[in-house]
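**Student:** Let me give you the structure first, and then I'll get to my questions.
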Amino acid sequence: ITVTADDASKVYGDPNPDPLTVSYSEFVDGGDGLSNIDVAPTAATIAVDNSSVGTYDITVGGGSDNNYAFVYVAGDLEVNPRTIQIAVDTVTISYGEAYTPSATVTNSVDPDNLIYNGFLGYTDDVGTYDVIPNLLVNTNYIVSYTAGLLTIQAASLVITARDSFRFFEDQEPTVFTYDITGFVNGDTESSVFSPDDFTLELSPAWDIPGMYTIVVTVVNQPANYNVSTGNGDFYRNPAQGSKLRPQCECVTFVGPGHPSGFEWLARFSYVNANDVPYWAPFGSENLFQGPANFDLSYAPQVLMPGGYEFDLPFDGRRIRWRVTSYGSTHSSCWLDDGNNECSSSGLVAVRPGNSGVVLQAYPNPVHQILNVEIDSDDWNMDIEAEILVYDVMGRLMKLESREMIRGQKFEIDMSDIASGMYIVRVLNGDTEHVIKVVHE
C-alpha cells in the first residue's frame, strides 16, 4: 500500500501544522482500513517554528502490518514569508538636541536588528524629514512601513550688546562688543554668521552727555537658529571728574540672617553734580578697597544725578570706595565696625547743599503704591513736576507729569515693574530731588 504525506503550508515563525497528515492507496477488498493496521505510519519534517522561508520535505515512515508492505511518498511543507509592519515614531526636537530614532514593529518574531539597521532620510539641520527604516535583506518577511515625521526646530540664540561708556571729549565709538549665547552642535560665531548678518549701532546718534542705547539688529537670520537680541546701555559720561564725589557715612550691625550672609552694612553715599547719569563699571573706575570681604551686588554702577546712598554688606573690616572719572580719582573715608552706627533708614533724600529733608518716599520697600511727598522752599507750583523712575542701570521705567503742591502726597503705581532697586527723580524747573526705593 502507498502512503503519501499530504502537502502543507505555514507562515514563517508559526508552529508547524499539527498533526501532519498522510493519505493511503486503496486497501484490499475495500474491507480493511486504517483501524486494521497494526502500527500506522506517521509524517514528520525537519522544519521548525523559525525555519526560513522555503520548501521542506514531509517524510513518512514507521508503519508495520502483517498483511501489508508500505511504500512511502514524501510531501512538501511550504514556509511562506511573514507580513510585518514598522511604524517609525514622530518626534519634534530643537536643533542641537540628540535624536535617537525609534520604531514599533508589529507581528515580528525576530529581534529588530534582524529586520532593519538604523534609519534614513534626515540630517541634523532645521527642517521636516520623513524618517524610514534602513531595511535589511530578509526573505522571511514582507515588510510595510510608515515613515516617522522628524521636525527639527531652530535653536534659540541671543546676541547681547555689552554696556560701555566714553567720556564726552573722546572720539565717537565705531565698534561695540557683545556676547552670543546658545551655540550648539559645536557651532561658533564664524561658522554661523557672516560679517554683515547683524549690526550694533547707537540710538540716538552720539550727541550730548547722557545714556544711549546700543541697538542690536539682526539682518539675516542663520539657518538653524532663531536669534533674539538684547540691547546694551552706552553712557557718554561727562568729563568733569570733580563733579563726582564718593563719601562714607556710617555702619550698621544687622547680625545673622541678612540675605548677603554678612552681619554688617557699610553705608556709602555720593554726589553726582552732573545733569546726567554717570556709568562707573566695577573695576578700576569703581573700586572697593580694603581687607574686608563684601557683596558687590549691592553697589551701584550707574551714579544718578544728585545725591544717593546705599548699604554695602561686609564683614566689619576696613573698606573704602574709590571712583575714577576722566583721570580724576576720588576716595571715600574708611569704614569698619568701629565707625558710628547709622541712625537713619536711608528712606529720605537730601539735595547736595541743602541740609533739610526735601523728598520722602514710603512705604520703602514698596509692594504696589509708592507715596511721594515734597517739602522744598524752592518748589515752583506754577509749573508741572516730572517724576522719573530709573532702574539701577539708568533705564527710564516710568515718566509722569503733574502739578504737585508742597507737602501733598503723590502716588506712583509700581505694580507693573519688576522687583528691584529704583531711583526716583523729581524735577521741578531747575530744582531736582532724588531718592532710592526698593520694590518687592
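Values in this text are rule-based calculations from the coordinates and carry no lab data. What you are looking at is a predicted structure, and each value in this text was computed from that prediction instead of being measured. No Cβ is skipped: glycine too gets one built from the backbone with ideal geometry, and neighbour counts run over all protein chains shown.
**Student:** Once R0 is set to 45 Å, what does the formula 1/(1 + (r/R0)^6) return for the Cβ-Cβ distance between residue 228 and residue 50, expressed as a FRET efficiency to the nearest 0.05?
**Tutor:** 0.20
**Student:** Please list 3J(HN,Hα) in residue order for segment 186-193, calculated via the Karplus relation 6.51 cos²θ - 1.76 cosθ + 1.60 where θ = phi - 60°; whole Hz, with x for glycine and proline.
**Tutor:** Once θ is set to phi - 60°, the couplings for segment 186-193 become x, 5, 10, 4, 5, 7, 9, 10 Hz.
**Student:** Mind sorting out which of (1) 26; (2) 16; (3) 55 is the real percent of Cα pairs over 38 Å apart computed from the coordinates?
**Tutor:** (3)
**Student:** Let me ask something else. Using the Cα centre of segment 156-237 as the reference point, and only Cβ charges (+1 on K/R, -1 on D/E), how large is the resulting charge dipole? Debye, rounded to the nearest 20. Intermediate values should be presented prior to the final figure.
**Tutor:** Numbers: 3 positive and 12 negative charges, 31 e Å.
Rounded to the nearest 20 debye, it is 140 debye.
**Student:** FRET efficiency for residue 368 and residue 402, Cβ-Cβ distance as r, R0 = 22 Å, nearest 0.05? Please report the intermediate quantities before stating the final value.
**Tutor:** Working: r = 19 Å, r/R0 = 0.86.
The pair residue 368/residue 402 has a calculated efficiency of 0.70.
**Student:** Taking the Cα-to-Cβ direction at residue 191 and at residue 295 and moving 7 Å from each Cα, how far apart do the two end points lie in nm?
**Tutor:** Reported label-point gap for residue 191 and residue 295 is 4.1 nm.
**Student:** A further question on this structure: How much of the DSSP beta bridge set in the chain is antiparallel, as a percent to the nearest 5?
**Tutor:** Working: 102 of 132 bridges.
Once the DSSP bridges in the chain are tallied, antiparallel ones form about 75 percent.
**Student:** If you don't mind, there's one more thing I want to ask. So how do 267-276, 63-72, 39-48 stack up, highest first, on mean other-Cβ count within 10 Å?
**Tutor:** On the way: 267-276: 19.5, 63-72: 13.3, 39-48: 15.8.
Per-residue mean Cβ counts within 10 Å order the peptides as 267-276, 39-48, 63-72.
**Student:** Would you mind computing, in nm to one decimal, how far apart the modelled labels at residue 26 and residue 199 are, each placed 7 Å from Cα along Cα→Cβ?
**Tutor:** Going by the 7 Å Cα→Cβ label model, 10.7 nm.
**Student:** Mind jotting down the three principal axis lengths of segment 83-153 based on Cα atoms? Whole angstrom, largest first.
**Tutor:** 38, 15, 15
**Student:** To the nearest 0.05, how large is the calculated FRET efficiency for residue 322 and residue 254 if R₀ is 25 Å and r is the Cβ-Cβ distance?
**Tutor:** Numbers: r = 25 Å, r/R0 = 0.99.
Rounded to the nearest 0.05, the efficiency is 0.50.
**Student:** While we're looking at this one, here's another question. Could you give the distance between the Cα centres of segment 298-327 and segment 211-229, to the whole Å?
**Tutor:** Taking the Cα centre of each part, segment 298-327 and segment 211-229 sit 34 Å apart.
**Student:** Students often check this: by mean Cβ neighbours within 10 Å, which of 115-121, 331-337 ranks highest, and how do the rest follow?
**Tutor:** Numbers: 115-121: 15.7, 331-337: 18.0.
Per-residue mean Cβ counts within 10 Å order the peptides as 331-337, 115-121.
**Student:** Okay, next question. Need one number: nm distance between label points at residue 57 and residue 71, each 7 Å from Cα along Cα→Cβ, rounded to one decimal.
**Tutor:** Rounded to a tenth, the inter-label distance reads 1.8 nm.
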